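Since the structure comes first, as structure tokens, the remarks are kept for the end.
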Amino acid sequence: MLRKVVANTEWPSPGVKRSAIQRLTTVLGTAVKDGLITRNPVESLELPAKAKKPINPFTVGEANKIIDHLYKSLTHSMRIYAAYFEFAFYTGMRLSEMAALRWEEVDKEKRLVNVCRIVADYKIEERTKTRNIRQVMLNSRALHAIEQAEHMAKQRTQQSRRKQAKSSFVFPPTKNFELIQQSSVTDKHFQVALTDLKLRARRQYNCRHTYATMCLMAGMNPAFIATQLGHSVQMLLSTYARWINSSTDWGELGKLENSWIGTKLVQAETVPL
């Protein structure tokens, strides 16, 4: 019966179909636990392949325009979202990792942050997406975002009518919540900036893609970039292959020519007649 329902339904997209089957699996899974049925019939249904969301990175110029616009248009405690997106564009951290970032994980002197937790299902989880803790090095723009967030945290404490301690989170929301619990909190400011700047609408997750492509186009070591992003090198190269230097770049071939394993060291052997 379930197979017929799935087959006869006109699904708007494979993603919607996948989500519906997953939700039904959860519902009937609860029925199994409650003893209402002996097995979950949905488990025999095949899930549609999970479609990869398109990668649409911004240019460096577009990223800077967005950051500048947010700093200029947002006022008072709302400017924390400008610092948030500057940090997103120039560290490539996942949004769930940024939302969970605490001050105790920030070392301004060493210019490092420890990435060890995420926000998932509205709460903190002491893990990362890949289950691996990593350190992210802060470039000058990322460090500027941290300094701005620190400045705003002091202002919020001084201006508050109630005596309250500085938030333990680097990017606390402006409403009465301890941390950013869902992406819609920041996305509304992001989308307004894109509209104001007449930039094509894109997901805010593309901040991460922007950092990855900027690093690759700058010629940085893929292994280093992958470590900073929390990727494997294979995942990095397969995801961002088209942003790596062109295959017809003679400068790259020149590196081989000038290296110790270059073609100049390859000697043709004389074969006796």
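Read-outs throughout are calculated quantities, based only on the coordinates presented, and are distinct from any laboratory measurement. Computed from a predicted model, the values in this text were never measured in an experiment. Neighbour counts are summed over all protein chains in view; Cβ atoms, including those assigned to glycine, are modelled from backbone coordinates with ideal geometry.
Below is a table of values for the structure above.
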read-out: Residues 103, 11 arranged by fewest to most Cβ contacts within 10 Å; value: 11, 103
read-out: Nitroxide proxy distance, nm - points 7 Å out along Cα→Cβ at residue 127 and residue 20; value: 3.0 nm
read-out: Over 22 Å (Cα to Cα) - which of 17/53; 110/175; 52/129; 53/123 fall in this group; value: 110/175; 53/123
read-out: Axial C-alpha extent at least 27 Å, average Kyte-Doolittle at least -1.0 - helices from the chain (DSSP); value: 14-33
read-out: Cβ-based net charge around residue 24, under 13 Å, with every Lys or Arg adding one and every Asp or Glu removing one; value: +3
read-out: Pair residue 11, residue 109: separation of 7 Å Cα→Cβ label points (nm); value: 5.5 nm
read-out: Net charge contributed by nearby residues that have their C-beta within less than 11 Å of residue 128 (K/R +1, D/E -1); value: +3
read-out: Range of Cα positions in the stretch 60-204 per principal axis (Å), largest first; value: 41, 38, 33
read-out: Sequence of 78, 93 once ranked by neighbouring C-beta atoms within 10 Å, starting from the fewest; value: 78, 93
read-out: Low-density loop positions, GluC sites (Glu not before Pro), the stretch 34-82 - DSSP coil, at most 15 other Cβ in 10 Å; value: 46
